[in-house]
Amino acid sequence: MRPDAVLGYHLTTHTCGVARFNEQLAHQLGVPVDLARHGRRYAHPLYSLKMSELGSSLPMKRASFDLFLHDVDDLGRRWARQADHVFVANRALGAQMPSATIAWCPGTLAPWRHEIYKSPYRQVFCCGMAHKWTFSTHRRLNALLASAPARVLVSSALHEDLPLDESLCLLERQIQTCYGARGIFAGLLSDLMTTKAMLESTYVAAFFEHGVRENNTTVLAAMDLGCCVITNLDRESPPEFVHRVTCLDLHQLTDLEGLDAHAIGGAAQRMVRRRYSWAGLIDLLTRDPDLPTVEAAA
């Protein structure tokens with residue numbers, strides 16, 4: 001019998017390889033993925049479990065079900081005796097359970113979405129704190145991208161007091177709500193990979209509760225790389241941040257056609273290196289107050 005659901009111990013795909021596999025397997029089968037404790041909701045589910053994660057906390061479903069084991073222990077053997085069909089994830093596990101069918105776990109990099117990486121897609125790279133996500137600005141950006149093929153690559157950082165798995169899963173749902181199929185969650189990127197993503201993107205987008213400020217390091221880093229930044233300006237934003245000159249103000253944009261992103265990024269780079277550099281800050285912090293600043297001397 002074909003499974004009508006794939007059931008796992010939890011659904012936090014960013015912190016568990018089995019959960020990621022289950023999500024992809026359910027997609028390929030065209031059935032829902034759900035928690036194992038909801039097994040009685042389905043006529044013939046496939047439980048896909050790493051039994052060592054369970055302890056004895058999960059009651060066995062005694063109706064019709066199949067079992068896909070990612071490890072083998074005594075609990076798994078008890079479940080296997082009740083299952084209609086038992087699969088194990090590799091041949092080493094098959095040696096421990098000879099009656100099971102040896103299976104495998106294909107790659108889980110969402111192959112049905114590879115087309116979004118092909119030209120002529122433009123790329124917008126967004127990064128920032130997950131807990132500062134603002135729906136209104138991202139929905140407006142998505143509307144601006146509607147007229148041309150585009151992908152939106154989103155990376156995030158997490159505040160130290162926030163739970164990793166819950167925050168990442170919530171952010172991925174927010175990305176899909178705002179951007180649909182064009183939204184791609186890139187996870188937590190290192191500084192090096194963030195730099196690479198910025199340099200490979202047409203635009204870098206970063207939005208703030210009120211407006212961009214002089215201490216928003218992501219924006220200044222992107223500008224220093226020569227990137228064209230889409231952000232939100234207000235009266236307290238740096239005066240050098242000028243719409244269509246050194247950045248793009250989301251609230252003044254009507255479309256993205258006809259803009260020279262390369263020229264705007266170049267102007268931003270020159271401005272940041274002149275006005276907001278490390279050398280200028282060190283000079284401000286250490287200079288003799290009777291001497292001119294680096295900016296004034298230039």
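Summary table below
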| quantity | calculated |
| --- | --- |
| Rounded to whole Hz, the Karplus (6.51, -1.76, 1.60) HN-Hα couplings of region 282-288, x for glycine and proline | 4, 4, 5, 7, 10, 6, 5 |
| Nitroxide proxy distance, nm - points 7 Å out along Cα→Cβ at residue 74 and residue 225 | 5.3 |
| Sorted by Cβ neighbour density within 10 Å, fewest at the top, the residues 236, 53 | 236, 53 |
| Region 6-102 shape via C-alpha gyration tensor axes, a/c threshold 1.5 | rounded |
| Interchain or long-range residues, amide H under 5 Å from residue 4's placed H | 44, 46 |
| Sequence-separation-based contact order of region 6-102, relative, with Cα cut under 8 Å and 6+ spacing, percent | 21 |
| Projected label distance in nm at residue 215 and residue 278, using a 7 Å step from Cα toward the beta-carbon | 2.0 |
| Simple spin-label estimate for residue 1 and residue 186 in nanometres, 7 Å along Cα-Cβ | 4.6 |
| Residue 186 long-range amide H proximity, modeled H, under 5 Å | 154, 155 |
| Residue-by-residue Karplus 3J(HN,Hα) for region 235-247, coefficients 6.51, -1.76, 1.60, Hz, glycine and proline x | 5, 9, 5, x, x, 6, 7, 10, 4, 6, 10, 10, 6 |
| Other-chain or far-sequence residues with amide H under 5 Å of residue 204's (modelled H) | 125, 228, 229, 230 |
| Whole-Hz ³J(HN,Hα) from phi, Karplus 6.51 cos²θ - 1.76 cosθ + 1.60, for region 79-86, glycine and proline x | 4, 4, 5, 9, 7, 6, 9, 10 |
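None of the figures in this text is laboratory data; all of them are computed from the coordinates on show. On a predicted model such as this, the values are computed, not experimentally measured, just so you know. Don't worry about glycine lacking a Cβ; one is built from the backbone with ideal geometry, like all the others, and counts go over all protein chains shown.
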